[in-house]
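Participant: Have a look at this one before I ask anything.
Every number in this text was worked out from the coordinates using simple rules, so none of it is lab data. None of these values were measured; they are calculated from a predicted model. Reconstructed Cβ throughout: ideal geometry from the backbone, glycine too, with neighbour counts over all protein chains shown.
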């Protein structure tokens, strides 16, 4: 899975650290391309997300509720550098931010911009 969502700015990460988001019910499976909030237990979601690279249906019964899906560009997601796996320490990211990531994980891929594109309007049936 590709994880993201903890800000590299400690002030921003700190503002969200205790702002827990209530769980959604699991209505679909954690299959390849689905986007899901990370969680540390019931109602502990914050800003951290992940994209499933494969079938992670085992997460369904643990309360990981996919809420979106990559419908175009999964080939780009597949190219994310997996070298560091889950090595970055989340607490250190929140406390030290970009300085920690740059020093310890110099080849880590980063999201520099993101855009939510609204769905295309439905075509009228004639």
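Participant: What distance in nm separates the two pseudo spin-label positions at residue 76 and residue 125, each 7 Å out from Cα along the beta-carbon direction?
Facilitator: 3.4
Participant: Could you please state, rounded to a whole Å, how far the C-alpha centre of region 14-34 is from the C-alpha centre of region 35-102?
Facilitator: 10
Participant: Another one. Given the -39500 (n - 2.57) contribution per DSSP H run of 4+ residues, what per-residue ellipticity at 222 nm results for the chain, rounded to the nearest 500 deg cm²/dmol?
Facilitator: Per the formula, -5000 deg cm²/dmol.
Participant: Evaluate the relative contact order of the chain (contact order divided by residue number), counting alpha-carbon pairs under 8 angstrom at least 6 apart; express in whole percent.
Facilitator: Across the chain, relative contact order equals 29 percent.
Participant: Let me ask something else about it. Read through the labelled values (i) -0.53, -1.06, -1.13, -1.20; (ii) -0.52, -1.30, -1.38, -1.44; (iii) -0.45, -1.05, -1.14, -1.22 and report the label of the one computed as log10 I(q)/I(0) by the Debye sum over Cα atoms at q = 0.12, 0.20, 0.21, 0.22 Å⁻¹ from the structure.
Facilitator: Recomputing log10 I(q)/I(0) by the Debye sum over Cα atoms at q = 0.12, 0.20, 0.21, 0.22 Å⁻¹ here gives the entry labelled (ii).
Participant: Related question: Sorted by average packing, counted as other Cβ atoms within 10 angstrom per residue and highest first, what order do 10-21, 102-113 take?
Facilitator: Going by the mean number of other Cβ atoms within 10 Å, highest first, we get 10-21, 102-113.
Participant: Another question, if that's okay. Just subtract the alpha-carbon distance of residue 24 and residue 11 from 0.36 nm times their residue separation and send over the number in nm, one decimal.
Facilitator: Answer, rounded to one decimal: 2.0 nm.
Participant: In addition: Quick check: from the Cα gyration tensor, does region 1-75 come out rounded (a/c under 1.5), prolate or oblate?
Facilitator: In terms of gyration-tensor shape, oblate.
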